[in-house]
1. For B:L150, only one of the following conditions fails: (1) under 28 Å from B:L81 (Cα atoms); (2) of a type in the set (A, V, I, L, M, F, W, C); (3) open to solvent by 10 Å² or more (accessible area, probe 1.4 Å). What is its number?
2. Can you tell me how many residues within region A:8-57 are over 21 Å from A:F149 (Cα atoms), touching a residue at least 40 places away in the same chain (Cβ under 8 Å) and within 14 Å of chain B (Cβ to nearest Cβ)?
3. Give just the number: which of (1) in a helix (DSSP H, G or I); (2) at pLDDT 95 or above does A:M67 not satisfy?
4. Residue under question is B:H207, and the condition is that it be modelled with pLDDT under 90, within 13 Å of another protein chain (Cβ to nearest Cβ), under 27 Å from B:A333 (Cβ atoms) and open to solvent by 50 Å² or more (accessible area, probe 1.4 Å); does it hold?
5. Is at least one residue of region A:199-219 open to solvent by less than 10 Å² (accessible area, probe 1.4 Å), at pLDDT 95 or above and not in a helix (DSSP H, G or I)?
6. Are there any strands (runs of 3 or more DSSP E) wholly within region A:82-191 with 2 or more residues that are within 14 Å of chain B (Cβ to nearest Cβ) and in contact with a helix residue (DSSP H, G or I) (Cβ under 6 Å, 6 or more places away or on another chain), and if so which?
7. Do you know which residues across region B:397-408 are open to solvent by 10 Å² or more (accessible area, probe 1.4 Å) and at the interface with chain A (Cβ under 8 Å from one of its Cβ atoms)?
8. All but one of (1) open to solvent by less than 10 Å² (accessible area, probe 1.4 Å); (2) at pLDDT below 90 hold for B:L231; which doesn't?
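The values are calculated or read from the model by the stated rules, or taken from the named source; none is laboratory data. Keep in mind that this is a model prediction, so the values were computed, not measured. So basically every Cβ, Gly included, is an ideal-geometry build from the backbone, and we count neighbours across all protein chains shown. These area figures cover heavy atoms from the full protein model, side chains too; ligands, DNA and RNA do not enter into them. Shrake-Rupley method; radii C 1.70, N 1.55, O 1.52, S 1.80 Å.
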Amino acid sequence: MRLVICHLYPDLMNIYGDRGNVIALAKRCAWRGIDVAIKNLGLGDRISPGAYDIFFMGGGQDREQIMVSHDLCETKGESIKREIEEGACALVICGGYQLFGKFYRPAEGKEIPGIGVFDGYTIAGKKRFIGNVVIESCLEGRRTTIVGFENHSGRTYLGKKERPLGKTILGYGNNGEDKTEGAIYLGAVGTYLHGSLLPKNPALADFLIRKALKRKYPGQQIAELDDEIEYLAHEHAIKRAKRTH
Amino acid sequence: MKIRTKMWLMGGKIIGSIVRLAGAGGGTTFPGKVVRSLHPRFVPEVLSGLELGCVLVTGTNGKTTTAALVADILKTANIPLVHNRTGANLMSGIASALIKQSLVDLEKYTKLGLFEVDEAVLPEAIDETDPRIVLINNLFRDQLDRYGELDTLAGKMKASVEKLSPESTLILNADDPLVSSIGAHLKCKVIYFGINTDAYSLKGIEHAADSKHCSLCGTRLEYGYHIFGHLGNYRCPKCGAERPDPDVFAESVRLKGFDGSNCSIRTPAGNMELWIPLPGLYNVYNVLGAIAVSLTLGIEPEAIADSIEQFKAAFGRVEKIQIDGRKLVMILAKNPAGFNEVIRALSNIEGGLNIIFALNDNIADGRDVSWIWDVDFENLKGKISRVICSGIRAWDMALRIKYADTEAPFLWIEPHVGRAMERLIESVEKDGTVYVVPTYTAMLDARRILSKKGYVSPYWEE
Ligand SMILES: [Zn+2]
């Protein structure tokens with residue numbers, strides 16, 4: 001078995017240790033004997049149909065985000081949407097999440113268009129939302145907590161029918177108002193929980209791997225891993241979130 | 001000094017003694033906080049009488065070490081100074097240093113103010129101290145939850161150094177593209193320093209690299225060689241922006257593990273063959289910065305070289321401690337770039353390593369621990385005998401080590417850093433060495449425990 005991870009704009013959108021998520025996907029596949037290839041796609045590169053199983057994009061600084069917005073809309077957006085409709089999965093974080101929505105409206109300057117995988121939009125806010133986050137989510141019918149760290153000034157508002165990734169228990173989430181965090185559409189997951197999200201949320205990592213396999217190798221099961229350290233880190237991160245709020 | 005300011009200086013000293021008597025910690029920044037809130041012009045008025053003015057040292061990595069190097073050089077040259085030695089690098093820390101170290105007739109006994117300042121505080125510090133020299137060493141991703149984005153930070157720094165007068169000097173690291181871009185089109189003098197050898201150049205850019213794009217046009221920079229992180233010999237293929245030729249530079253560097261390095265240094269005032277008693281290339285930058293500051297203040301190269309060769313690191317940066325016949329080496333690592341340098345030095349040591357990585361997430365460490373995923377622990381593959389992950393976020397650290405596939409035969413988790421040290425020391429043979437790599441507050445914890453047992457002095461200064 002072989003999966004191909006497409007890391008979108010790794011040198012433009014790489015703030016806050018996003019690399020940890022790619023490492024987690026690659027290792028969790030490797031430990032199960034699934035071959036993994038990681039392809040880095042930058043400005044101008046095109047997406048050939050069926051070439052990638054998991055798309056990943058992290059966050060970036062303002063200037064980089066504008067460059068990426070142009071490139072996404074011109075060369076990759078339509079292909080990514082088509083791939084997701086056909087069963088590819090995606091994890092997009094912070095700036096990447098915002099660009100997978102309809103648009104980002106900064107405090108000053110022009111609206112930055114997104115590609116609209118998610119029915120939602122983002123407006124710049126004044127105060128930065130910073131801190132540990134715990135959300136309650138449901139992945140393929142299984143309830144799970146997801147824990148991470150947020151650091152964003154954008155407020156994201158989802159359309160009425162769009163499903164959030166989870167309900168915010170601790171932290172601000174999408175906008176600090178409606179208790180939603182992130183968005184999930186088919187196999188595409190968007191979230192403000194950045195950095196080392198997947199290593200200590202193995203349920204989310206395996207959700208993405210399972211979705212990706214389902215498209216390419218229908219009916220294929222994946223082996224359980226020894227996730228003792230992962231769950232210890234998960235539990236302690238929740239404890240720490242409670243203490244810092 | 002105005003009478004009113006003198007009275008605040010006395011008042012601050014009294015507050016400081018009360019705080020210390022009450023046993024409320026060292027009271028390092030509290031007196032300064034109180035005095036500044038009641039007398040906002042306190043710092044500028046105290047400093048206005050200094051014969052040689054002020055020097056500000058900033059940058060993500062190495063500001064404490066660089067300022068300590070300059071302080072040593074100035075002391076050897078008999079220039080009396082005030083210096084915020086304890087790493088209290090916000091304005092309240094500067095005010096507190098003034099209160100603690102100065103007599104009421106400050107200008108009679110003190111000639112110069114030397115202040116290490118936090119990157120985000122530089123604009124305020126420039127306004128209040130009217131410095132004659134500002135040194136910016138580097139800008140790395142560090143505690144982004146506090147600073148926001150690097151570009152924004154550099155923009156604010158640029159706006160603040162535009163206010164420096166033509167008599168002032170700005171000293172910049174030529175090898176850091178974001179820092180060197182601050183030097184364009186200024187009224188003040190600008191001096192650059194850098195490392196001109198590719199002897200230790202990295203093959204690819206490390207994952208911690210932050211500023212890989214031209215700060216003028218956003219194009220990806222091309223590198224002739226990398227020193228570490230985003231530091232190196234760079235050029236923008238589109239607009240032609242490139243590394244400025246440094247005025248003070250290391251022509252050759254020979255690293256000697258955790259002991260130090262031998263360097264040939266070129267300066268406009270003459271050359272130096274120098275033994276630097278501090279490890280790693282990052283300390284070569286600290287020394288180059290300190291040399292540039294000292295030369296600007298008119299100190300002779302021979303005197304500078306003598307002081308540097310005698311230098312002892314500020315505590316905890318690298319500290320070697322004897323415990324029951326074993327050697328404990330403690331090396332502070334507070335962000336990806338610094339951590340990668342520590343890993344580079346560790347990976348050059350022969351024999352299986354015994355290491356504690358202690359990760360805290362207090363405010364002074366940065367609340368967000370995801371930065372450890374930008375550290376290249378993968379480079380320790382096959383080099384570790386035993387590793388203990390410790391600190392408040394011991395489990396996150398353990399995950400990072402697990403996913404780095406280091407093949408360490410023993411991976412333990414012990415959040416209490418004291419117990420972690422005990423366990424590791426017991427498990428190594430006599431004459432063995434254990435390495436402790438803590439973040440900032442984990443280092444303070446480790447040191448407090450070691451000083452209770454009498455292994456190290458509890459004090460910051462010697
Ligand atoms: Zn350029």
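1. Looking at each condition in turn, B:L150 falls short on (1).
2. The qualifying residues number 4.
3. Going through the list (1) in a helix (DSSP H, G or I); (2) at pLDDT 95 or above, A:M67 breaks only (2).
4. Values: modelled with pLDDT under 90: yes; within 13 Å of another protein chain (Cβ to nearest Cβ): yes; under 27 Å from B:A333 (Cβ atoms): yes; open to solvent by 50 Å² or more (accessible area, probe 1.4 Å): yes.
Yes: the conditions hold for B:H207.
5. Scanning region A:199-219 turns up at least one residue that is open to solvent by less than 10 Å² (accessible area, probe 1.4 Å), at pLDDT 95 or above and not in a helix (DSSP H, G or I).
6. Numbers: elements: A:89-93, A:103-105, A:120-139, A:142-158, A:166-170, A:183-185, A:188-191.
Per the criteria, A:120-139, A:142-158.
7. Of the residues in region B:397-408, the ones open to solvent by 10 Å² or more (accessible area, probe 1.4 Å) are B:402, B:405, B:407-408.
Across region B:397-408, the qualifying residues are B:K402, B:D405.
8. Every listed condition holds for B:L231 apart from (2).
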